[in-house]
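The values are calculated or read from the model by the stated rules, or taken from the named source; none is laboratory data. The structure presented is a predicted model; accordingly, all values stated were derived computationally and were not measured. In this analysis, Cβ positions are derived from the backbone assuming ideal geometry, glycine residues included, and neighbour counts consider all displayed protein chains.
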Amino acid sequence: MEQMTTLTFVLGHMNYWLFVVLMMTGLYIVVARGNLLKKVVGLNLFQAAVFMLYISMGKVAGGTAPIFTNNPAETYSNPLPHVLILTAIVVGIATTALGLALIVRINETYDTIEEDEILALDHATAQKEIDAVAKLGSDGGDVK
């Protein structure tokens, strides 16, 4: 009997389990990958998991749409999570578009979208600038 209760619990909360798997997958991709495009995809997976969680919380068993009727015993589903998710979807699309536009500009500037290569190029450029300033200072030039 206890095994059946456990199975019913697990299957009854399947959307929450999927939320956890999707969220951890997105988080792993963002943290573990150096490719900027993969990081944007990971953020989108993370967003989709959060959307799924909010919509799951807004569902009421046996609830109907929040349209008033003459039945005072009627149970209604809360519309607020759905409205919030509509707004979050729009913000998510805008964030994704901005992230992809930045990736295009970064690719034009550095010819790569790999995070470690970009950091190495930035470090090399900074070192060249430091060496140039040090050379000017040792030549007796006026450094401001």
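So here's what we get for this one:
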{"item": "Any hit, region 124-131, residues being in a helix (DSSP H, G or I), under 27 Å from Asn35 (Cα atoms) and touching a helix residue (DSSP H, G or I) at 6+ places or on another chain (Cβ under 7 Å)", "result": "no"}
{"item": "Residue that is modelled with the lowest pLDDT, among those in region 1-59 that are charged (D, E, K, R) and more than 9 Å from the chain's Cα centre (by Cα)", "result": "Glu2"}
{"item": "Residues satisfying the stated conditions in region 77-99, i.e. loosely packed, with under 13 Cβ neighbours inside 10 Å and in contact with a helix residue (DSSP H, G or I) (Cβ under 8 Å, 6 or more places away or on another chain)", "result": "Pro79, Leu80"}
{"item": "Single residue of region 100-116 satisfying the filter (more than 23 Å from the chain's Cα centre (by Cα) and in a helix (DSSP H, G or I)) that is surrounded by the fewest Cβ atoms within 10 Å (Cβ to Cβ)", "result": "Glu108"}
